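The values are calculated or read from the model by the stated rules, or taken from the named source; none is laboratory data. Owing to the predicted nature of the structure, the values given are computational and were not obtained by experimental measurement. When we count neighbours, we look across all protein chains shown, and the Cβ atoms used for this are built from the backbone with ideal geometry, even at glycine. Please note that ligands, DNA and RNA were not included when accessible areas were found on the heavy atoms of the full protein model with its side chains. Shrake-Rupley method; radii C 1.70, N 1.55, O 1.52, S 1.80 Å.
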Amino acid sequence: MSSHCEHEHTFNTNRDALISALRQVLPDDSLLYEKEDLRPYECDGLSAYRQLPMVVAIPTTVAQVQEIMRICYHLEVPVVARGAGTGLSGGALPHEQGVLLSLARFNAIINVDTENRTAVVQPGVRNLAISEAAARHKLYYAPDPSSQIACSIGGNVAENSGGVHCLKYGLTVHNILKLKVVTVEGKLITIGSNALDAPGYDLLALMTGSEGMLGVIVEVTVKLLPLPERTQVILAAFDDVVKAGTAVGNIIAAGIIPAGLEMMDRLAIEAAEDFVHAGYPLDAQAILLCELDGTHAEVSEYVLQVRDILLNSGATEVRTAKDEQERLLFWKGRKAAFPAVGRISPDYYCMDGTIPRKRLPEVLQTIAELSKEYDLRVANVFHAGDGNLHPLILYDANKPGELERTEEFGGKILESCVAVGGTITGEHGVGMEKINQMCVQFKSQELIQFHAIKNAFDAKGLLNPGKAVPTLHRCAEFGAMHIHHGEMPFPDIERF
Amino acid sequence: MAVKDISKEIQQKVEQARASKTPLNISGGNSKRFYGREPVGEVLDVSEHKGVINYEPTELVITARAGTSLIEVEQVLAAENQMLAFEPPAFGKSATIGGTIACNFSGPRRAFSGAARDYVLGSSIINGKAEQLHFGGEVMKNVAGYDVSRLMCGAMGTLGVLLAVSIKVLPKPEVETTLVYEMSSERSLKKVHQLARQSLPVSATCFDDSTLTIRLSGTEGAVKSAHQLLGGDISSSGLDYWKQLKEHELSYFNGDNDLWRLSLASNTPILNLEGKYLYEWNGAQRWLISEDNDEKIRKEVAQHAGHAVCFRQHGKHEDVFQPLETDLLEIHRQLKIAFDPDSIFNPGRMYAEI
């Protein structure tokens with residue numbers, strides 16, 4: 001094992017020294033350290049993981065962020081950056097010995113450049129606010145994670161967030177041009193450019209999805225797209241999820257890339273229908289929502305083609321939204337699927353695996369079997385076009401042992417995604433939550449390479465320690481029960 | 001079609017080079033030798049490591065060994081009516097998919113559909129410790145671990161030997177039409193920006209001499225109605241024009257002067273540099289044939305927050321790529337150490353320091 005690659009993540013912060021140093025650079029209302037003030041920051045969107053930070057810093061200027069980083073670098077204090085705190089993998093879970101750096105006050109849209117079709121925004125700006133600001137120029141920002149009303153663009157970059165329109169319009173990494181980043185030493189650097197590329201390595205790609213491990217994002221330049229001339233949604237019902245999956249493949253085989261292609265299974269349909277009355281067919285085993293956008297002419301052509309494909313693929317019913325109101329209603333059920341499931345169960349746990357689409361039947365079968373084994377219900381919501389599966393495990397945290405059972409069940413689902421050539425996370429990130437499953441997806445040399453990358457940016461290991469990439473020791477403990485690609489994992493290190 | 005896995009042999013050669021601290025000049029089809037700084041070291045030929053490993057048209061993904069010929073990849077896709085959406089130039093029949101990705105070369109469609117790096121989903125590499133590593137995969141969405149596969153795009157082999165890449169592919173457009181307009185460069189830039197703000201099936205623009213050429217791609221109805229809206233004459237050279245453009249076969253590219261590639265925000269005004277220009281990507285990629293010296297060109301481009309690459313050199317140039325500022329160069333150095341601690345892969349090919 002390479003010694004420089006491993007950080008033990010143990011810190012011993014002098015609280016008084018830290019607070020007094022931070023008070024030199026921050027006004028009183030930008031620094032919290034009393035227990036009751038820290039409470040709102042103890043978790044992000046994954047509330048099962050909670051930890052109070054030592055202090056919370058809420059700077060308002062880039063210069064203050066630089067000062068905070070210099071102080072923490074000097075005192076060797078861990079720093080966890082936080083945007084809107086909507087993340088679902090515990091990526092913004094605080095460190096008990098560290099600073100929780102909230103970027104919430106960086107909420108200004110600096111400019112919208114209509115000719116170059118870009119917007120320069122601060123990291124705390126909400127995802128949806130960018131499209132709202134661009135709308136009067138008939139432009140929008142394409143990635144639309146379901147939390148877009150609340151989640152911030154800085155967090156989107158840190159997680160490489162997706163949404164329901166990824167298949168056609170890509171992820172965050174495809175829709176940003178430039179970042180301003182404060183390094184662990186407190187230097188301000190610019191990554192990317194207003195051009196379509198920049199000299200040197202593609203640091204923009206490396207930074208996107210790096211989960212706060214490599215630097216603190218303080219400004220983002222995003223690309224804007226012209227609003228499509230027309231958007232249309234088709235809803236199709238199936239008496240079998242496998243037929244719905246085949247229909248997705250048939251649409252793509254016909255040379256059509258829909259703007260969105262979503263699938264819901266029976267339990268998800270029932271919950272959504274009960275909640276928002278979207279008019280979903282309750283006798284269906286699965287529904288597909290297929291959104292087509294573009295010019296009037298091409299949408300008209302595609303709507304006819306897609307209807308035929310769906311019927312030929314065995315759809316029991318195909319409906320085209322008759323107006324904008326009905327289109328939004330069709331989507332409302334899908335977008336409200338998570339809270340809808342929240343109404344039929346005290347708690348739910350959202351998974352985020354991605355699989356090659358053709359493996360859907362066997363993965364759904366595995367999930368159904370595991371559901372019986374663990375005696376926990378599962379509702380499946382699926383970004384069908386790009387293979388991103390969101391099984392929602394229904395549980396009750398008040399029943400002793402049920403959360404632990406749920407987490408184990410979730411872990412098994414992710415491992416089954418890896419087994420069919422997929423990944424443990426399509427868009428929510430690894431964070432704290434999937435750190436063990438990283439040991440299943442990657443072999444030790446690959447994890448060492450990740451640690452070496454981290455080391456290139458943050459040799460002291462202060463940025464978001466313990467997240468995203470597991471230590472080999474952690475994997476050895478977890479891996480004792482797991483086999484990777486038919487090999488014993490980490491044959492080179494000691495077993496516990 | 002030729003299929004061969006020589007990854008073990010490549011790995012052994014890297015191991016030997018590492019032991020003897022011998023620099024390696026990674027070579028596929030050798031079609032991009034002209035690009036970048038002077039190659040040094042012992043040739044590591046990866047052209048025999050070839051073949052499409054997996055292609056799933058309905059999953060929109062192809063995985064091929066790095067030495068697979070680019071032409072072969074494009075033929076395999078065309079048989080299923082699909083394509084590499086970044087429309088890469090080959091610059092020679094021997095071009096490989098590995099070299100294309102290592103250079104991040106993208107063609108006329110780039111401003112509308114994305115670059116090579118946007119389509120890379122996964123990669124297998126050998127790092128400087130002679131370890132075979134795998135990152136990303138064949139699925140569209142994957143945020144587990146740092147995005148090493150995209151980092152390899154454009155790194156010119158300085159971080160590792162590419163063994164295989166998985167690339168997202170797209171359906172070919174149903175119909176394509178090329179339209180031409182006689183107008184000045186100023187008016188052309190204005191027109192393409194105006195079009196870019198509308199929902200239109202434009203897939204390429206190029207301004208050369210006094211002609212603006214626009215390509216429309218999409219369904220029959222979409223292309224027809226867009227043509228009605230935009231007017232313009234159908235080009236006599238048709239779709240061949242775009243192939244000649246991307247392969248640098250247009251008469252513009254003839255001559256013995258340095259060819260510069262200028263990468264700028266698309267709305268950058270006409271630059272204050274003498275020479276012959278050709279504008280692509282709505283103005284975001286500008287080719288310049290100029291006798292101005294490097295310093296003057298880089299300074300003018302930097303003033304507009306862009307960067308300049310001496311794409312084809314006829315004289316001697318110390319730097320081919322725009323020099324990096326100190327803090328960024330330091331990150332590059334550290335990343336080089338992270339992947340290739342003994343600096344054996346293509347040293348100095350991109351920058352003298354890495």
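Results, tabulated for the structure shown:
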item: All positions within region A:282-320 that are open to solvent by less than 10 Å² (accessible area, probe 1.4 Å) and more than 23 Å from residue B:224 (Cα to Cα); result: A:284, A:286, A:287, A:288, A:289, A:290, A:310
item: Those residues of region B:36-55 which are touching a residue at least 60 places away in the same chain (Cβ under 8 Å), touching a strand residue (DSSP E or B) at 6+ places or on another chain (Cβ under 8 Å) and within 14 Å of another protein chain (Cβ to nearest Cβ), in sequence order; result: B:53, B:54
item: Leading residue by the ranking (nearest to the other protein chains (Cβ to nearest Cβ)) among those in region B:107-116 that are open to solvent by less than 30 Å² (accessible area, probe 1.4 Å) and in contact with a strand residue (DSSP E or B) (Cβ under 9 Å, 6 or more places away or on another chain); result: B:110
item: Close pairs from region A:255-277: first under 16 Å from residue A:242 (Cα atoms) and touching a residue at least 24 places away in the same chain (Cβ under 8 Å), partner open to solvent by 30 Å² or more (accessible area, probe 1.4 Å) and in a helix (DSSP H, G or I), Cβ under 7 Å, at least 6 apart; result: A:265/A:241
item: Residue in region B:209-229 that is in contact with a Gly (Cβ under 6 Å, 6 or more places away or on another chain), among the basic types (Lys, Arg) and within 14 Å of residue B:107 (Cβ to Cβ) present; result: no
item: Boolean, residue B:145 is within 14 Å of chain A (Cβ to nearest Cβ), over 30 Å from residue B:39 (Cβ atoms), at pLDDT 95 or above and surrounded by 24 or more Cβ atoms within 10 Å (Cβ to Cβ); result: yes
item: Positions within region B:141-170 being in contact with a His (Cβ under 9 Å, 6 or more places away or on another chain) and closer than 20 Å to residue A:427 by Cβ, in sequence order; result: B:141, B:143
item: Of the criteria (1) open to solvent by 10 Å² or more (accessible area, probe 1.4 Å); (2) more than 7 Å from every other protein chain (Cβ to nearest Cβ); (3) under 22 Å from residue A:127 (Cβ atoms), which one residue A:188 fails; result: (3)
item: Pairs where the first residue, in region A:446-460, is in contact (Cβ under 8 Å) with a residue 60 or more places away in the chain and the second is small (Gly, Ala, Ser) and in a helix (DSSP H, G or I), C-beta under 8 Å, 6+ apart; result: A:452/B:338; A:453/B:338; A:455/B:338
item: Conditions (1) under 30 Å from residue A:256 (Cα atoms); (2) surrounded by 18 or more Cβ atoms within 10 Å (Cβ to Cβ); (3) within 19 Å of the chain's Cα centre (by Cα); number of the one not met by residue B:287; result: (1)
item: Residue A:229 surrounded by 21 or more Cβ atoms within 10 Å (Cβ to Cβ) and charged (D, E, K, R); result: no
item: Breaking point among (1) assigned to a loop (DSSP other than H, G, I, E, B); (2) within 26 Å of residue A:85 (Cβ to Cβ); (3) within 8 Å of chain B (Cβ to nearest Cβ), for residue A:163; result: (3)
item: The lone exception for residue B:121 - which of (1) more than 8 Å from chain A (Cβ to nearest Cβ); (2) touching a His at 6+ places or on another chain (Cβ under 9 Å) it fails; result: (2)
item: Lone unmet requirement of (1) more than 21 Å from the chain's Cα centre (by Cα); (2) open to solvent by less than 50 Å² (accessible area, probe 1.4 Å) for residue B:266; result: (1)
item: Pick from region A:340-360, criterion in a helix (DSSP H, G or I), away from every other protein chain (no Cβ under 14 Å) and in contact with a helix residue (DSSP H, G or I) (Cβ under 7 Å, 6 or more places away or on another chain), ranking: surrounded by the fewest Cβ atoms within 10 Å (Cβ to Cβ); result: A:343
item: 2 or more residues without any contact (Cβ under 8 Å) to a residue 40 or more places away in the chain and more than 13 Å from every other protein chain (Cβ to nearest Cβ): qualifying strands (runs of 3 or more DSSP E) within region B:165-240; result: B:211-218
item: Among (1) part of a strand (DSSP E or B); (2) within 27 Å of residue A:352 (Cβ to Cβ); (3) not charged (D, E, K, R) - the single one residue A:111 does not satisfy; result: (2)
item: Flag for residue A:241 being surrounded by fewer than 20 Cβ atoms within 10 Å (Cβ to Cβ) and closer than 30 Å to residue A:339 by Cα; result: no
item: Filter result (surrounded by fewer than 22 Cβ atoms within 10 Å (Cβ to Cβ) and not in a strand (DSSP E or B)) within region A:125-143; result: A:128, A:129, A:131, A:132, A:133, A:135, A:136, A:137, A:138, A:142
item: Top-ranked residue of region B:55-86 - restricted to ones that are among the polar types (S, T, N, Q) and open to solvent by 40 Å² or more (accessible area, probe 1.4 Å), ranked as nearest to the chain's Cα centre (by Cα); result: B:75
